[in-house]
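Structure first, then comments.
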Amino acid sequence: MRPKKAKKIVFKSAEEMPIMICSVGDQTHNLTGAWRNIRPEIDLSKCIKCGICWKFCPEPSIDVVDEWPVVDYDYCKGCGICAEECPAKCIVMVEERR
Amino acid sequence: MSQDTKKEKKFTMTLPPEELMACGHLACQGCGATLAMRYMLKGLGQKTALCIPACCWAVIDGPYPYSSLDVPIYHCAFETAASTATGVKAGLEMAGDPETTVVAWAGDGGTFDIGIQALSGAAERNDDIIYVCYDNEAYMNTGIQRSSATPYGAWTTTTPVKHFKNRPKKDIVAILAAHRIPYIATASVSHPEDFVRKVKKAKAIKGTRFFHVYAPCPTGWKSRPEDSVKLARMAVQNGLFPLYEIEDGEKYTLNLKLKDKKPVEDYLRLQGRFRHLSPEAIAEIQAEIDVRWARLLKHVEA
């Protein structure tokens, strides 16, 4: 389910550019996790697998790995919607330390 | 629940698992418009072409040659979302591809103000397109200017606190219903199952289909990013943004029946753009909502 990690595209000349306006690569080289001030941490022992964090993630940076939700910290912007919406209250937002 | 039974339990997915929106896009934290796009693409699938005029999504998507979406996109001029989609659809039909769904995806400025003549023209010709307006209630991309979708009492940079907007929001759904197009629906990012169901229903219908999607904007509404989905849900529950469908401009269906509406004050107090409102102004907003709600119920019962 995870989108591929794309590399940055560099055109060396105008001839290399595609003529049609089309998307030739996704933006996954842009690691938006650097924008984050607070990070979500999931306490899996309290998780009820309701899928609400996955459903409401605007990135979408919550993956499903072996039927458990896992946050992809490369892209999570730390908006906190998952922690606010979680019915089991198993996601907490903690301060980011770099 | 013991740990073993929990391990076996499947992760609940109430939406289609396909993800056509990739990470790394340029939206603000807690953006409602990205959620709207994600749900719409989940409903429509890969065979979709998008026409996006100048709006937040023209930026979120990424600069050329990148795109966060796994579908083709046509970036068009501000006022031409509907007419570009008409042209793309006609071109696809000429090329022998009647399957692809063509979607015009515009913000509230590109729908309510600038794009309304193109939209009205496409609706009158009943062109086979889906038009989605994601409504964040101002020109958010250019710096929170007032649009005709801005509600009564809201602060924007062009309607400052001393002269806040004193006109109500334009009723775009009623304008489109007057065009007698086959399908009109309102949707909210807080009710994704309902949104995806409506998108799948619209995909099967031929003719102009219109969606009005409520997409909160933490940056412009001066609300907390984590409250985005909560605000959208509150707007549905207090009758400010009811979820309903209109078929052929006549048949109204209310999707979420409210037993008693919640007061609008809790919703207004979560947003910095309504901080200056006096109790009298809030009572006025509540009265306006009650009038609109009664009018909608009359349509549904008729």
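Nothing in this text is a laboratory measurement; each read-out follows from the coordinates by a stated rule. Note that the structure is a prediction, hence the values are computed from the model and not measured. Because the Cβ atoms are built from the backbone with ideal geometry, glycine has one as well, and the counts that use them run over all protein chains shown.
Tabulated values for the structure
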| quantity | calculated |
| --- | --- |
| Counted charge near B:T158, where neighbours are those whose Cβ lies closer than 10 Å (Asp, Glu -1; Lys, Arg +1) | +2 |
| Positive minus negative residues near B:T12 (Lys, Arg vs Asp, Glu; Cβ under 10 Å) | +3 |
| Residue among B:L35, B:L277, B:W105 farthest towards the positive dipole end of the protein assembly as shown, charges placed on Cβ | B:L277 |
| For segment B:140-215 versus segment B:230-275, the gap between their alpha-carbon centres in whole angstrom | 12 |
| Approximate spin-label separation B:A174-B:K222, in nm, with each point projected 7 Å along Cα-to-Cβ | 3.0 |
| Potential extension, B:A302-B:T14 segment - 0.36 nm per residue separation minus Cα distance | 100.4 nm |
| Percentage, to the nearest whole number, of Cα pairs in segment A:45-98 over 17 Å apart | 30 |
| Percent RCO, i.e. relative contact order, over chain B, from Cα pairs under 8 Å lying at least 6 residues apart | 17 |
| ³J(HN,Hα) computed for each position of segment B:40-49 - Karplus, 6.51 cos²θ - 1.76 cosθ + 1.60, integer Hz, glycine/proline x | 5, 5, 4, x, 8, x, 5, 7, 9, 10 |
| Simple Cβ-charge dipole of segment A:31-95, Lys/Arg +1 and Asp/Glu -1, about Cα centre, in debye nearest 20 | 180 |
| Förster-model FRET efficiency, 25 Å R0, A:R98 and A:K46, C-beta, rounded to 0.05 | 0.40 |
| Point-to-point label distance, B:K200-B:H75, nm (Cα→Cβ direction, 7 Å offset) | 3.4 |
| The protein assembly as shown, dipole about Cα centre (Lys/Arg Cβ +1, Asp/Glu Cβ -1), debye to the nearest 20 | 640 |
| 27 Å Cα-Cα threshold exceeded, pairs from A:K77/B:K89; B:K165/B:K222; B:K222/B:K257 | A:K77/B:K89; B:K222/B:K257 |
| Dipole magnitude of segment B:93-144 about its Cα centre (Cβ charges: Lys, Arg +1; Asp, Glu -1), debye to nearest 20 | 140 |
| Largest to smallest principal axis extent of the C-alpha atoms in the protein assembly as shown, angstrom | 55, 53, 44 |
| Value of D in µm² per second that Stokes-Einstein yields for chain B, Kirkwood Rh from Cα pairs, at 4 °C (1.567 mPa s) | 65 |
| Point-to-point label distance, B:K261-B:E99, nm (Cα→Cβ direction, 7 Å offset) | 4.5 |
